[in-house]
Each structure stands twice: as C-alpha cells, then as structure tokens.
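The values are calculated or read from the model by the stated rules, or taken from the named source; none is laboratory data. Computed from a predicted structure; not experimentally measured. Ideal geometry is used to build each Cβ from the backbone, glycine not excepted, and the neighbour counts take in all protein chains shown.
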Amino acid sequence: MNKPKKMGLVGTQVQVTQEAQQVLRWLIVVRWISVADLVLLIVLLVASFVNNEQLVQIFGLTHGIVFLALIATVGIGAVQKLWGWWFLVATLITTGPPGALVGEILIARKAKAILRNIQ
C-alpha cells in the first residue's frame, strides 16, 4: 500500500489560497442576497406605512423567500466551515441584511488578508 505524500509548505499555501478564494466567492453570493433582501425590506416597510395591503402581501412573501435564501446560504457556509456560526447568529438576530453585510465585510477582510500574506 502506498503512503500518501505530505503536501509540505507549498501544498498548504495552495490549499489556504483556494479556501480563501472559495470564501470570497460565497461572500459575493451572500452580499447580493443581502442587498436584495434589504431593498425588499425597505419596499415592504414603505408599503406598510402607506397602508398598501396588496404591496405588503407581494413584497412580504418575496422578502420572506429571499430572507430564507440568505439564512440558508449563510448556514451552508457555516456547515462547510467557510466561516463561524456567529455569522448565522448575527444574520438571524439582525433580521438579515445588517448582520449579513457586516459579517460579510469582516470575513472578506480576513480572507483578503490571508491572500495578501501568501502572495
């Protein structure tokens, strides 16, 4: 039976680079979903304040679906260990966009710093 080769320092750097790039790709998806959720939430609140029930029903459902997509995306990233569970908790506690956008900025900074240090 052949023993697996150890990757060494170069292999580790490649792996870390790939992981940081994967985190950044996932964060782009999180950012777009967060922005869409924020826009829908603003429209929903405006429709609610002007007592437009028809728009509230339409944008309420749409916002709910996008919010669930945001929670699912952040949760899947946590399960895949792209980031910590605190990101999901922050997104839930802040009802979506605020926590997701702040968390996305913090995690992106860390991933970019890792990429800068390796190159």
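When residues in the stretch 61-82 are screened for being touching a helix residue (DSSP H, G or I) at 6+ places or on another chain (Cβ under 6 Å) and either modelled with pLDDT under 95 or among the aliphatic types (A, V, I, L, M) (or both), 6 of them pass. Determine, yes or no, whether T12 is of a type in the set (V, I, T) and either in contact (Cβ under 8 Å) with a residue 12 or more places away in the chain or in a loop (DSSP other than H, G, I, E, B) (or both). Against the criterion (of a type in the set (V, I, T) and either in contact (Cβ under 8 Å) with a residue 12 or more places away in the chain or in a loop (DSSP other than H, G, I, E, B) (or both)), T12 does not qualify. Take V102 and tell me if it is surrounded by 13 or more Cβ atoms within 10 Å (Cβ to Cβ), under 15 Å from V30 (Cβ atoms) and among the aliphatic types (A, V, I, L, M). Criteria met by V102. Within the stretch 79-94, the set of residues being in contact (Cβ under 8 Å) with a residue 12 or more places away in the chain, among the aliphatic types (A, V, I, L, M) and within 17 Å of E19 (Cα to Cα) comprises L82 only. The set of residues from the stretch 95-119 being aliphatic (A, V, I, L, M) and either within 16 Å of A72 (Cα to Cα) or in contact (Cβ under 8 Å) with a residue 60 or more places away in the chain (or both) comprises A100, L101, I107, A108, A111, I114, L115, I118.
Of all residues in the stretch 36-51, none are assigned to a helix (DSSP H, G or I) and under 17 Å from K112 (Cα atoms). If you filter the stretch 89-112 down to residues that are β-branched (V, I, T) and in contact with a Phe, Trp or Tyr (Cβ under 8 Å, 6 or more places away or on another chain), you find that the one that is modelled with the highest pLDDT is I107. Just one of (1) loosely packed, with under 13 Cβ neighbours inside 10 Å; (2) not in a helix (DSSP H, G or I) fails for N117. It is (2).
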